[in-house]
Amino acid sequence: MNIIETKNLTKSYGNFTAVSGVNLHIPRGTVYGFLGPNGAGKSTTMKMFLGLTKPTEGTFSIDNKRYPEDRVEILKEVGSFIEAPAFYGNLSGEENLEIIRKILGLPKASVKEALELVGLTEHRKRLAKKYSLGMKQRLGLASALIGRPPILILDEPTNGLDPVGIHEIRTLIRSLPQKFNCTVFVSSHLLSEIELMADNIGILNHGHLIFEGTLPMLKRNASLQGFPTENLEETFLAMIDEDNRQRSGKR
Ligand SMILES: Nc1ncnc2c1ncn2[C@@H]1O[C@H](COP(=O)(O)OP(=O)(O)OP(=O)(O)O)[C@@H](O)[C@H]1O
Ligand SMILES: [Mg+2]
(Lines give C-alpha, C1' and ligand atoms only; values in the text may rest on other atoms or scores of the structure.)
(Ligands and ions follow the chains in the order given, each with its own letter.)
Protein backbone atom coordinates (compact mmCIF):
# COMPACT_ATOMS: atom_id res chain seq x y z
CA MET A 1 0.00 0.00 0.00
CA ASN A 2 1.31 3.41 -0.93
CA ILE A 3 1.30 6.07 1.75
CA ILE A 4 2.15 8.82 -0.75
CA GLU A 5 0.93 8.94 -4.34
CA THR A 6 1.02 11.74 -6.88
CA LYS A 7 -1.03 12.00 -10.06
CA ASN A 8 0.30 14.09 -12.91
CA LEU A 9 1.90 16.42 -10.36
CA THR A 10 3.07 19.53 -12.20
CA LYS A 11 4.56 22.87 -11.23
CA SER A 12 5.22 25.62 -13.75
CA TYR A 13 6.73 29.04 -13.26
CA GLY A 14 5.57 31.09 -16.24
CA ASN A 15 6.42 28.94 -19.25
CA PHE A 16 9.12 26.98 -17.40
CA THR A 17 8.01 23.63 -15.98
CA ALA A 18 9.97 22.61 -12.88
CA VAL A 19 7.96 19.44 -12.16
CA SER A 20 6.25 17.78 -15.09
CA GLY A 21 3.45 15.19 -14.86
CA VAL A 22 5.07 13.20 -12.06
CA ASN A 23 3.43 9.99 -10.75
CA LEU A 24 5.16 8.83 -7.57
CA HIS A 25 4.33 5.69 -5.57
CA ILE A 26 5.81 5.58 -2.08
CA PRO A 27 5.10 2.36 -0.15
CA ARG A 28 4.25 2.63 3.54
CA GLY A 29 7.02 1.83 6.00
CA THR A 30 9.90 2.23 3.55
CA VAL A 31 12.70 4.66 2.77
CA TYR A 32 12.16 6.21 -0.66
CA GLY A 33 15.15 7.94 -2.23
CA PHE A 34 14.33 10.84 -4.51
CA LEU A 35 17.26 11.39 -6.76
CA GLY A 36 18.12 13.98 -9.37
CA PRO A 37 20.76 16.51 -10.43
CA ASN A 38 20.66 20.16 -9.33
CA GLY A 39 17.50 21.85 -10.55
CA ALA A 40 15.67 18.57 -11.31
CA GLY A 41 12.65 19.59 -9.24
CA LYS A 42 13.17 17.61 -6.02
CA SER A 43 12.72 20.50 -3.60
CA THR A 44 9.77 21.84 -5.61
CA THR A 45 8.02 18.45 -5.31
CA MET A 46 8.66 18.32 -1.56
CA LYS A 47 7.43 21.89 -1.13
CA MET A 48 4.16 20.97 -2.83
CA PHE A 49 3.69 18.12 -0.30
CA LEU A 50 4.20 20.61 2.51
CA GLY A 51 1.84 23.22 1.12
CA LEU A 52 4.72 25.66 0.57
CA THR A 53 4.00 25.98 -3.14
CA LYS A 54 0.88 25.13 -5.14
CA PRO A 55 0.77 22.55 -7.94
CA THR A 56 -0.15 24.03 -11.32
CA GLU A 57 -1.76 20.72 -12.30
CA GLY A 58 -2.32 17.30 -10.82
CA THR A 59 -2.82 16.18 -7.27
CA PHE A 60 -1.43 13.95 -4.54
CA SER A 61 -2.56 11.97 -1.52
CA ILE A 62 -0.71 11.35 1.71
CA ASP A 63 -2.02 8.65 4.04
CA ASN A 64 -5.40 8.63 2.28
CA LYS A 65 -5.73 12.37 2.64
CA ARG A 66 -6.03 14.30 -0.57
CA TYR A 67 -4.57 17.62 -1.61
CA PRO A 68 -6.02 20.26 -1.60
CA GLU A 69 -9.09 19.28 0.47
CA ASP A 70 -7.16 17.77 3.41
CA ARG A 71 -4.01 19.86 3.40
CA VAL A 72 -4.16 20.76 7.09
CA GLU A 73 -4.61 17.08 8.03
CA ILE A 74 -1.65 16.19 5.82
CA LEU A 75 0.63 18.63 7.62
CA LYS A 76 -0.19 17.10 11.01
CA GLU A 77 1.32 13.79 9.89
CA VAL A 78 4.47 15.05 8.31
CA GLY A 79 7.80 15.98 9.87
CA SER A 80 10.01 17.87 7.46
CA PHE A 81 13.44 19.21 6.82
CA ILE A 82 13.62 21.56 3.85
CA GLU A 83 16.82 23.38 2.86
CA ALA A 84 18.54 25.49 5.56
CA PRO A 85 16.14 25.36 8.53
CA ALA A 86 15.70 28.54 10.60
CA PHE A 87 16.21 28.62 14.38
CA TYR A 88 16.39 31.15 17.17
CA GLY A 89 20.12 31.86 17.30
CA ASN A 90 20.03 33.19 20.85
CA LEU A 91 18.44 30.04 22.21
CA SER A 92 20.20 26.72 22.70
CA GLY A 93 19.49 23.70 20.53
CA GLU A 94 17.51 22.19 23.37
CA GLU A 95 15.44 25.37 23.87
CA ASN A 96 14.66 25.51 20.15
CA LEU A 97 13.33 21.96 20.29
CA GLU A 98 11.41 22.76 23.47
CA ILE A 99 9.51 25.50 21.57
CA ILE A 100 8.59 23.06 18.81
CA ARG A 101 7.57 20.46 21.41
CA LYS A 102 5.17 22.94 23.04
CA ILE A 103 3.65 24.02 19.74
CA LEU A 104 3.04 20.38 18.79
CA GLY A 105 1.79 19.49 22.28
CA LEU A 106 4.25 16.60 22.68
CA PRO A 107 5.39 14.97 25.94
CA LYS A 108 8.49 16.44 27.71
CA ALA A 109 10.61 13.39 26.96
CA SER A 110 10.38 13.93 23.19
CA VAL A 111 13.07 16.66 23.24
CA LYS A 112 15.59 14.36 24.90
CA GLU A 113 14.74 11.58 22.48
CA ALA A 114 15.16 13.82 19.42
CA LEU A 115 18.52 15.14 20.69
CA GLU A 116 19.78 11.62 21.26
CA LEU A 117 18.62 10.37 17.87
CA VAL A 118 20.60 12.98 15.97
CA GLY A 119 23.63 12.92 18.28
CA LEU A 120 23.25 16.43 19.70
CA THR A 121 22.86 15.59 23.40
CA GLU A 122 26.40 16.73 24.19
CA HIS A 123 25.84 20.13 22.51
CA ARG A 124 22.26 20.70 23.59
CA LYS A 125 23.10 23.71 25.81
CA ARG A 126 25.07 25.61 23.15
CA LEU A 127 23.38 28.57 21.42
CA ALA A 128 22.06 27.64 17.98
CA LYS A 129 23.97 30.54 16.39
CA LYS A 130 27.19 28.94 17.63
CA TYR A 131 26.42 25.60 16.02
CA SER A 132 28.57 24.38 13.15
CA LEU A 133 26.85 23.68 9.82
CA GLY A 134 26.67 19.98 10.64
CA MET A 135 25.16 20.67 14.07
CA LYS A 136 22.54 22.93 12.45
CA GLN A 137 21.66 20.11 10.04
CA ARG A 138 21.27 17.78 13.00
CA LEU A 139 19.07 20.25 14.82
CA GLY A 140 16.95 20.53 11.66
CA LEU A 141 16.62 16.76 11.59
CA ALA A 142 15.73 16.68 15.28
CA SER A 143 12.91 19.14 14.68
CA ALA A 144 11.60 16.95 11.84
CA LEU A 145 11.81 13.78 13.95
CA ILE A 146 10.44 15.09 17.21
CA GLY A 147 7.22 13.37 18.17
CA ARG A 148 7.81 10.51 15.71
CA PRO A 149 5.59 11.65 12.82
CA PRO A 150 4.39 8.82 10.54
CA ILE A 151 5.89 10.51 7.49
CA LEU A 152 9.23 12.28 7.16
CA ILE A 153 10.14 14.49 4.22
CA LEU A 154 13.86 15.22 4.23
CA ASP A 155 15.46 17.42 1.59
CA GLU A 156 19.17 16.56 1.32
CA PRO A 157 19.58 15.94 5.05
CA THR A 158 23.28 15.07 4.81
CA ASN A 159 24.29 18.35 3.15
CA GLY A 160 27.21 19.89 4.99
CA LEU A 161 27.95 16.88 7.17
CA ASP A 162 31.41 15.31 7.40
CA PRO A 163 31.85 11.64 6.39
CA VAL A 164 31.24 10.40 9.94
CA GLY A 165 28.13 12.58 10.19
CA ILE A 166 26.86 11.36 6.82
CA HIS A 167 27.30 7.78 7.95
CA GLU A 168 25.46 8.40 11.24
CA ILE A 169 22.51 10.21 9.66
CA ARG A 170 22.24 7.62 6.90
CA THR A 171 22.17 4.82 9.47
CA LEU A 172 19.56 6.73 11.46
CA ILE A 173 17.34 7.25 8.39
CA ARG A 174 17.72 3.60 7.41
CA SER A 175 16.55 2.54 10.90
CA LEU A 176 13.50 4.81 11.14
CA PRO A 177 10.87 2.56 9.49
CA GLN A 178 11.60 -0.27 11.97
CA LYS A 179 12.14 2.01 14.95
CA PHE A 180 9.12 4.30 14.60
CA ASN A 181 7.11 2.61 11.92
CA CYS A 182 7.44 5.66 9.72
CA THR A 183 7.91 6.29 6.00
CA VAL A 184 10.81 8.43 4.83
CA PHE A 185 10.90 10.41 1.60
CA VAL A 186 14.48 11.64 1.25
CA SER A 187 16.20 13.51 -1.56
CA SER A 188 19.80 13.48 -2.68
CA HIS A 189 21.83 14.11 -5.80
CA LEU A 190 24.08 11.12 -5.11
CA LEU A 191 22.92 7.64 -6.05
CA SER A 192 25.79 6.18 -4.03
CA GLU A 193 24.27 7.78 -0.93
CA ILE A 194 20.67 6.83 -1.70
CA GLU A 195 21.53 3.19 -2.44
CA LEU A 196 22.70 2.73 1.14
CA MET A 197 19.46 3.86 2.71
CA ALA A 198 16.57 3.50 0.27
CA ASP A 199 14.26 0.58 -0.48
CA ASN A 200 12.84 2.36 -3.53
CA ILE A 201 14.24 5.01 -5.78
CA GLY A 202 12.68 7.66 -7.97
CA ILE A 203 14.92 9.52 -10.44
CA LEU A 204 13.93 12.96 -11.57
CA ASN A 205 15.56 14.86 -14.46
CA HIS A 206 14.34 18.24 -15.73
CA GLY A 207 11.08 17.72 -13.83
CA HIS A 208 10.40 14.29 -15.41
CA LEU A 209 10.41 11.02 -13.48
CA ILE A 210 12.74 8.86 -15.57
CA PHE A 211 12.81 5.82 -13.27
CA GLU A 212 10.91 4.45 -10.29
CA GLY A 213 11.58 1.12 -8.62
CA THR A 214 13.99 -0.89 -6.49
CA LEU A 215 17.76 -0.88 -6.81
CA PRO A 216 17.88 -4.35 -8.44
CA MET A 217 15.26 -3.12 -10.97
CA LEU A 218 17.40 -0.07 -11.67
CA LYS A 219 20.43 -2.26 -12.31
CA ARG A 220 18.46 -4.58 -14.58
CA ASN A 221 17.01 -1.67 -16.56
CA ALA A 222 20.38 -0.03 -16.88
CA SER A 223 22.11 -3.16 -18.15
CA LEU A 224 19.30 -3.76 -20.68
CA GLN A 225 19.89 -0.27 -22.00
CA GLY A 226 23.64 -0.86 -22.17
CA PHE A 227 24.58 1.47 -19.32
CA PRO A 228 27.46 0.66 -16.96
CA THR A 229 26.27 -1.07 -13.76
CA GLU A 230 29.54 -1.72 -11.92
CA ASN A 231 29.54 1.69 -10.32
CA LEU A 232 26.10 3.07 -9.55
CA GLU A 233 27.18 6.67 -9.76
CA GLU A 234 28.16 5.98 -13.38
CA THR A 235 24.83 4.25 -14.03
CA PHE A 236 23.02 7.31 -12.77
CA LEU A 237 25.14 9.74 -14.80
CA ALA A 238 24.68 7.66 -17.96
CA MET A 239 20.90 7.61 -17.49
CA ILE A 240 20.75 11.37 -16.96
CA ASP A 241 23.03 11.91 -19.95
CA GLU A 242 20.88 9.77 -22.21
CA ASP A 243 17.70 11.50 -21.03
CA ASN A 244 19.29 14.91 -21.65
CA ARG A 245 20.30 13.81 -25.16
CA GLN A 246 16.77 12.62 -25.99
CA ARG A 247 15.27 15.74 -24.52
CA SER A 248 17.47 18.09 -26.55
CA GLY A 249 16.60 16.06 -29.66
CA LYS A 250 12.92 16.69 -29.01
CA ARG A 251 13.27 20.44 -28.78
N1 LIG B 1 10.09 30.41 -7.26
C2 LIG B 1 10.64 29.99 -8.41
N3 LIG B 1 10.51 30.72 -9.55
C4 LIG B 1 11.06 30.30 -10.69
N5 LIG B 1 11.74 29.14 -10.84
C6 LIG B 1 11.89 28.38 -9.75
C7 LIG B 1 11.36 28.75 -8.47
N8 LIG B 1 11.66 27.77 -7.58
C9 LIG B 1 12.37 26.84 -8.26
N10 LIG B 1 12.51 27.21 -9.56
C11 LIG B 1 13.21 26.43 -10.62
O12 LIG B 1 12.68 25.12 -10.66
C13 LIG B 1 13.71 24.17 -10.97
C14 LIG B 1 13.71 23.08 -9.93
O15 LIG B 1 14.21 23.58 -8.71
P16 LIG B 1 14.33 22.71 -7.41
O17 LIG B 1 14.80 23.57 -6.31
O18 LIG B 1 13.07 21.95 -7.19
O19 LIG B 1 15.47 21.67 -7.83
P20 LIG B 1 16.21 20.56 -6.95
O21 LIG B 1 16.04 19.26 -7.68
O22 LIG B 1 15.77 20.63 -5.56
O23 LIG B 1 17.75 21.00 -7.11
P24 LIG B 1 18.97 20.98 -6.05
O25 LIG B 1 19.61 19.63 -6.15
O26 LIG B 1 19.87 22.03 -6.58
O27 LIG B 1 18.43 21.30 -4.69
C28 LIG B 1 15.01 24.96 -11.04
O29 LIG B 1 15.30 25.22 -12.40
C30 LIG B 1 14.69 26.23 -10.29
O31 LIG B 1 15.46 27.32 -10.76
MG1 LIG C 1 16.74 21.08 -3.79
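Report the semi-axes of the equivalent ellipsoid for the chain in whole Å, largest first, where each axis is √(5λ) for an eigenvalue λ of the Cα gyration tensor.
After scaling each eigenvalue by five and taking roots: 31, 21, 17 Å.
Picking from L224, V164, S132, whose Cα lies most toward the positive end of the charge dipole for the chain (charges on Cβ: Lys, Arg +1; Asp, Glu -1)?
S132
Give me Rg over Rh for the range 156-220, both radii from the alpha carbons and Rh done the Kirkwood way, two decimal places. Don't skip to the answer; put the middle values down first.
Numbers: Rg = 12.5 Å, Rh = 12.8 Å.
Over the Cα atoms of the range 156-220, Rg/Rh equals 0.98.
Rounded to the nearest 500 deg cm²/dmol, what is the calculated helix-only ellipticity per residue at 222 nm for the chain, with -39500 (n - 2.57) per DSSP H run of length n ≥ 4?
About -12500 deg cm²/dmol.
Taking 0.36 nm per residue of separation and subtracting the Cα-Cα distance, what length does fully extending M1 through L91 add?
28.2 nm
Give me the percent of the accessible area of the chain that comes from carbon and sulfur atoms, probe 1.4 Å, all protein chains in place.
Values: 6290 of 12280 Å².
Of all accessible area on the chain, carbon and sulfur atoms account for 51 percent.
Hey, what's the range 10-147 come to in accessible area per residue, 1.4 Å probe, Å²?
Working: 6800 Å² over 138 residues.
Here the residues of the range 10-147 average 49 Å² of exposed surface.
Take every Cα pair under 8 Å in the range 46-180 that's 6+ residues apart, average their separations, divide by the length, and report that relative contact order as a whole percent.
Once divided by the residue count of the range 46-180, the mean separation gives 28 percent.
Evaluated at 25 °C with a viscosity of 0.890 mPa s, what Stokes-Einstein diffusion coefficient in µm²/s does the range 1-70 have when Rh comes from the Kirkwood expression over alpha-carbon pairs?
197
Give the Rg/Rh ratio for the range 1-121, taking Rg as the radius of gyration of the Cα atoms and Rh as the Kirkwood radius, to two decimals.
Result: Rg/Rh = 1.02.
Would you please calculate the Kirkwood hydrodynamic radius of the range 56-197 over all C-alpha pairs and express it in Å, rounded to one decimal?
So the Kirkwood estimate lands at 15.7 Å.
Sort 140-149, 14-23 by the packing proxy (mean of other Cβ within 10 Å over each peptide's residues), most packed first.
Result, highest mean first: 140-149, 14-23.
Loop-only GluC sites (Glu not before Pro) in the range 183-251, please: DSSP not H, G, I, E or B, and at most 13 other Cβ atoms within 10 Å.
Sparse-neighbourhood loop GluC sites (Glu not before Pro): E230.
Convex hull over the Cα atoms of the range 129-245, averaged projected area in nm²?
8.5
Mind giving me the nanometre distance, one decimal, between the label points for E77 and L52, set 7 Å out from Cα along Cα→Cβ?
Taking the two extended label points, one gets 2.1 nm.
Accessible area per residue, 1.4 Å probe, Å², for the range 206-251: what's the number?
With all protein chains present, the range 206-251 gives 64 Å² per residue.
Just list whichever of K42/K219; K11/K129; K11/K179; K76/K102; K102/K125 have alpha carbons separated by over 24 Å in the model shown.
K11/K129; K11/K179
The values are calculated or read from the model by the stated rules, or taken from the named source; none is laboratory data. A quick note: this is a predicted structure, and the numbers were derived from the prediction, not measured. Cβ atoms come from the backbone with ideal geometry, glycine included; neighbour counts cover every protein chain shown. The area values use the complete protein model at the heavy-atom level, side chains included, leaving out ligands, DNA and RNA. Shrake-Rupley method; radii C 1.70, N 1.55, O 1.52, S 1.80 Å.
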